[in-house]
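Okay, here's the structure, questions in a sec.
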Amino acid sequence: MTSIDDDRKCMKPLLTINNLVTSFHSQEQTVRAVDGLDVSVRQGETLGLVGESGCGKSVTALSVLRLLRCPPAEIRGSIVFNGRNLLDLSREEMRRLRGDALSMVFQEPMTSLNPVLTIDDQLTEGIRLHRGASRAKAREMALEFLDMVRIPDARNRIREYPHALSGGMRQRVMIAMALSCHPELLFADEPTTALDVTIQAQILELLAQLKDELGTSVVMITHDLGVIAEMASRVVVMYAGRVVEEAPVRDLFKDPRHPYTRGLLGSIPVLGRRKSQKDRKLQEIPGIVPDLKNLPSGCRFHPRCPQKMDVCERQDPAMIRLGEFRAVTCWLEAEV
Ligand code: SF4
């Protein structure tokens, strides 16, 4: 767990998202997958984006990278990266930015790697395109990146097709591809979910090390608070398309303020729990994430919330700032 002091060292915002609304239109209705998101990422930090599936984490990343087909998607608000609103850029400008200053590692590398191209072709293509390297130079650089992500026997492995590699190796190749153009900001979307536990730990360690070496800022998207504890300095908790809590990681673990965050933390098994706590059962959050086509009135979490009050069913709580790095969207804070 990195400290907020680390965070303060890197205060300059690299990415500032204001009032992001990402909708999907169909003939029948419009669904807002992200609804009024405000988030910033500072240079050199790792920000965790947490929540259950369907909370809008991945759609947020895809909106920033403009990887959604519009229409049926529509992205509104502002996404300022290095002083430029990405929503004002042309497709060509965005294409140049992706894989260069902005990059992404996806959950399942097999769906992101092209199965009919060798690792060599896929890795060198981006290097040639974005860094203007010759084929020979791009290959040399690709080998360096494969070494950096600890692919053994890289000179032979580079000639292989993705299916010949294990899941962990494929994810390393994806990381090498994502980092090959030294991006300033990397989105890692559940990068270890599809991997065995031991490989997960290796990949996380690798990402942390590469981030430090290259100075890349990272947005770590995950449902796993253990990954957040390991990697991030700040965390944003999302629920049904909205931010419900934002905090430095230490504060979030020590003093979670939103009932949803408390539910997420209560559902994590802890090894070596103290004697006095040994009878404590793992909590579960009752119910499921609401259907975005049919959201509950008032607070979106109220059907699942153990601390629900009358007002919660009637009115949407606004986000309340508790400090520079802390915010909660809950009527309980308004009561306080
Ligand atoms: Fe629970 Fe009400 Fe807070 Fe929503 S606003 S999380 S229902 S207490």
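Bear in mind that the values in this text are calculations on the coordinates, not laboratory data. As the structure is a prediction and not an experimental result, all values here were calculated from the model. Methodologically, a virtual Cβ is constructed for each residue, glycine included, from the backbone with ideal geometry; neighbour enumeration extends over all protein chains shown.
Along Cα→Cβ, 7 Å out, is where each label goes; now give me the distance between the ones at residue 159 and residue 291 in nm to one decimal.
With each label placed 7 Å out from Cα toward Cβ, I get 5.5 nm.
On to the next question. Need one number: convex hull volume per residue for region 109-182, Cα atoms only, in Å³.
Values: hull volume 5.5 nm³, N = 74.
Normalising the Cα hull of region 109-182 by residue number yields 75 Å³.
What distance in nm separates the two pseudo spin-label positions at residue 29 and residue 213, each 7 Å out from Cα along the beta-carbon direction?
4.9
As a test of understanding, state the convex hull volume per residue of region 1-137 from its alpha carbons, in Å³.
167
Still on this model: So what is the 222 nm mean residue ellipticity for the chain from helices alone, if each DSSP H run of at least 4 adds -39500 (n - 2.57) and you divide by all residues, rounding to the nearest 500 deg cm²/dmol?
It lands at -9500 deg cm²/dmol.
Would you mind estimating how fast the chain diffuses translationally, via Stokes-Einstein at 20 °C and 1.002 mPa s with the Kirkwood radius over Cα pairs, in µm²/s?
Roughly 101 µm²/s, to the nearest whole number.
Could you please report the charge total around residue 100, scoring K, R as +1 and D, E as -1 over all other residues with beta-carbon less than 14 angstrom from its beta-carbon?
Local charge sum for residue 100: +3.
Students often get this wrong: which residues of region 194-220 have the backbone nitrogen under 14 Å from the point 7 angstrom along Cα-to-C-beta of residue 268?
No residue passes the distance filter.
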